[in-house]
Amino acid sequence: MAKDPERLVPNVYRIDGFGLSQMLNILAIAGEDGWTIVDTGISGSPRRIQAGLTALGIRPDALARIYLTHHHADHVGGLPGMRAWAPNAEIVAPEYEAEIIAGKRPMDPSSSPVNRAIQRFNMLSAVPVDRTVREGDTVAGFRVIATPGHTLGHTSLLSESQGLLLTADAFGALPRKLRVGVRKAFCTDPRLAKRSAEKLLAENYATVVFSHGPVLRENPKDRLQEIVANCNYA
């Protein structure tokens, strides 16, 4: 049974996109022009996302947009299913990532030879992107922060007014240990991923949400500083 959406701050909820709680987090954000979800999980996630949205009273016509932080399959795999459920929702992504999502550019290669071999069989379903954004633009009241390294166009999101940072995969835990870039092998450029993680330490926030892993509410910046300090990506 799907877990009810978790309220993070007013008008922002976390939805589980996978059977294990906090393994794959999807954000739902209420705005004046409708709702926004951030990422779409894997191909099997739409059923859980739709159930979570329905629990919040959100109908398909109330979903204004879908924002994609980057092109990895565990973030865009559910895009065809969510697009079918809410066909009028605007698809938004960073400029570089949008070209990959739309099938105009190949996926970024992993830094791991094993993962690069696996990627050959991990084809994405090309979906057109309606609008692209750059660093400093806003999506549903969140500021877009360029955090390349996990992928070359990877982005994080920050709501200064609510003190809420969504790192996407700039940080994350699979399965349990929080790391820069989730895992070194998942990053296209691990050293760049570490620099992006350091960049996020300069921002102000009280709550941190990862695409993979538990929500940090107690001294989150101290925890992120510790992770960066112990990161030996070279």
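Data for the structure
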item: Total residues in region 82-105, condition within 17 Å of His150 (Cα to Cα), surrounded by fewer than 23 Cβ atoms within 10 Å (Cβ to Cβ) and in contact with a helix residue (DSSP H, G or I) (Cβ under 9 Å, 6 or more places away or on another chain); result: 1
item: Among (1) of a type outside the set (D, E, K, R); (2) under 19 Å from Val38 (Cβ atoms); (3) in contact with a Ser or Thr (Cβ under 7 Å, 6 or more places away or on another chain) - the single one Ala89 does not satisfy; result: (3)
item: Within region 210-226, considering residues that are buried (at least 18 other Cβ atoms within 10 Å of the Cβ) and among the aliphatic types (A, V, I, L, M), the one nearest to Leu20 (Cα to Cα); result: Leu216
item: Any hit, region 57-66, residues being under 23 Å from Leu8 (Cβ atoms), in contact with an Asp or Glu (Cβ under 8 Å, 6 or more places away or on another chain) and in a loop (DSSP other than H, G, I, E, B); result: no
item: Failed criterion for Phe18 (all others in (1) modelled with pLDDT of 95 or more; (2) outside any loop (DSSP other than H, G, I, E, B); (3) surrounded by fewer than 23 Cβ atoms within 10 Å (Cβ to Cβ); (4) hydrophobic (A, V, I, L, M, F, W, C) hold); result: (2)
item: Filtered residues of region 125-152 (kept if farther than 24 Å from Val180 by Cβ and out of contact with any Lys or Arg (no Cβ under 9 Å at 6 or more places or on another chain)); result: Ser125, Pro128, Val129, Thr132, Thr138, Gly141
item: Subset of region 180-193 [in contact (Cβ under 8 Å) with a residue 24 or more places away in the chain and either out of contact with any Gly (no Cβ under 7 Å at 6 or more places or on another chain) or of a type in the set (Ser, Thr, Tyr) (or both)]; result: Val180, Lys184, Ala185, Phe186, Thr188, Arg191
item: Single residue of region 1-15 satisfying the filter (closer than 16 Å to Ser159 by Cβ and either modelled with pLDDT under 95 or under 16 Å from the mean Cα position of the chain (by Cα) (or both)) that is surrounded by the most Cβ atoms within 10 Å (Cβ to Cβ); result: Val12
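Residue-wise test of (1) touching a Ser or Thr at 6+ places or on another chain (Cβ under 6 Å); (2) crowded, with 18+ Cβ neighbours inside 10 Å.
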{"residue": "Gly136", "(1), (2)": "no, no"}
{"residue": "His150", "(1), (2)": "no, yes"}
{"residue": "Leu164", "(1), (2)": "yes, yes"}
{"residue": "Lys194", "(1), (2)": "no, yes"}
{"residue": "Ala197", "(1), (2)": "no, yes"}
{"residue": "Tyr205", "(1), (2)": "no, yes"}
{"residue": "Val208", "(1), (2)": "no, yes"}
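The values are calculated or read from the model by the stated rules, or taken from the named source; none is laboratory data. Worth saying up front: this structure is predicted, and the values here are computed from it rather than measured. So basically every Cβ, Gly included, is an ideal-geometry build from the backbone, and we count neighbours across all protein chains shown.
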